[in-house]
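Here the structure comes first, spelled out in structure tokens, and everything after it is commentary.
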Amino acid sequence: MHRLRTEETAIRDDWPAIRVLGSRVHVVTMDDVIDWLGGCIANRNGPSRQLVVTGFHGIWEAHKNDEFKRILNSADLWVPDGIAPVWIARRKGFAHAQRTPGAEIMKAFLERANERGYRSFFYGDTDQTLGVLKDRLERDYPGHVVAGTYSPPFRPLSKAEDDEIVERINAAEPDVVWVGLGLPKQDYWVHEHKDRLNAAVATGVGAAFSFMAQTVRRVPRWIGNMGLEWLWRLGMEPGKLWRRNLVEGPQFVAHVLAEMTGLRRYD
């Protein structure tokens, strides 16, 4: 269980980082991430800070799209959801590097929020998932406040609709806005809205809503730590993930090997 700290520290902005195919990924522990979230809440000043949570998928999408790379690299903190950047960091001398998956960040945050009364807004996924998630969180973390939820339609929002949801989020006064739209959509959304949100932090966490609601089964931690989460999820969602894992995965490995052996450089 996450260890409760007695004091929040000032927001740290000098995390060590590695470069992978032109992307900057910070080397942190789970406690680092939760302390950073707490520090952002305690020292709230100005627009929302952006937390990026992704692994090989985000790095590969950034490699293919310079604009997306710019957005991810501009985030206040980018932590490794998957094992690939962790292995790379360890090869570069960061022995303490560890995975910080979105669902585990949420769980650790909720444990602290249960003691501190932090408020969360959940944007994304379906009404059904959000309803189950809200019920579970209110039961398991009664000290944490579900400030609001919203499942957007599966189409682009009009400006009026977008303005309305921003007003709705701000009126709920959340400390953190959790966004479950999937990559890259969620990270574009946070980047485009963070200057208008009053929350301390906004972050995209992919399928974490479904995992926390237990409407989708999560990979066992030991499988994830072995680097086999991709195989687990491929078996669960082959139609959705076959290309990412069986085509783009090997391409990613080839490019990383070329970078690490000095055969290619990536900006």
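From least to most packed, judged by other beta carbons within 10 angstrom and beginning with the fewest, 100, 29, 54 follow the order 29, 100, 54. Only aspartates and glutamates eight or more places from residue 159 in sequence, or on another chain, were considered; those with a Cα closer than 19 Å are 167, 187, 192, 195.
Computed over the chain, relative contact order equals 22 percent, with contacts defined as Cα pairs under 8 Å that lie 6+ residues apart. Counting only DSSP beta bridges with both residues in the chain, the antiparallel share comes to about 15 percent. Legend: residue pairs 107/194; 92/194; 69/194; 64/194, Cα-Cα distance threshold 29 Å; pairs beyond threshold, 92/194. Angle of helix 127-140 to the longest C-alpha principal axis of the chain, folded into 0 to 90 degrees and rounded to 10: 80°. Taking θ as phi - 60° and the Karplus parameters 6.51, -1.76 and 1.60, the scalar couplings of segment 154-162 work out to 7, 6, x, 7, 6, 4, 5, 5, 5 Hz in sequence order, x denoting glycine and proline. Rounded to the nearest 20, the Cβ-based charge dipole of the chain about its Cα centre (Lys and Arg +1, Asp and Glu -1) stands at 920 debye. Of the options 200, 121, 80, report the single residue whose Cα projects farthest towards the positive end of the charge dipole of segment 72-200 (beta-carbon charges: Lys, Arg +1; Asp, Glu -1). The residue sitting most towards the positive pole is 80.
Note on the chain: Cα-only Rg and Dmax are 17.9, 54 Å.
With the helix formula -39500 (n - 2.57) applied to DSSP H stretches of n ≥ 4, the chain reaches a computed 222 nm mean residue ellipticity of -14000 deg cm²/dmol. Applying the Karplus relation 6.51 cos²θ - 1.76 cosθ + 1.60 with θ = phi - 60° to segment 250-267 yields 3J(HN,Hα) values of x, 4, 4, 4, 4, 5, 5, 4, 5, 5, 6, 8, x, 6, 9, 10, 10, 9 Hz, where x marks Gly and Pro. Across segment 22-29, rounded Karplus estimates of 3J(HN,Hα) from the backbone phi angles (6.51 cos²θ - 1.76 cosθ + 1.60, θ = phi - 60°) give x, 9, 9, 10, 7, 9, 9, 9 Hz, Gly and Pro being marked x. Amide H contacts under 5 Å for residue 125: 180, restricted to partners 5 or more places along the chain or on a different chain, H placed in the peptide plane at 1.01 Å from N.
We did not get these values from a lab; they are worked out from the coordinates using the rules stated. Here the structure is a predicted model, which is why all the values come from computation and not from measurement. For neighbour counting, all protein chains shown are included, and Cβ atoms are generated from backbone atoms with ideal geometry for every residue, glycine included.
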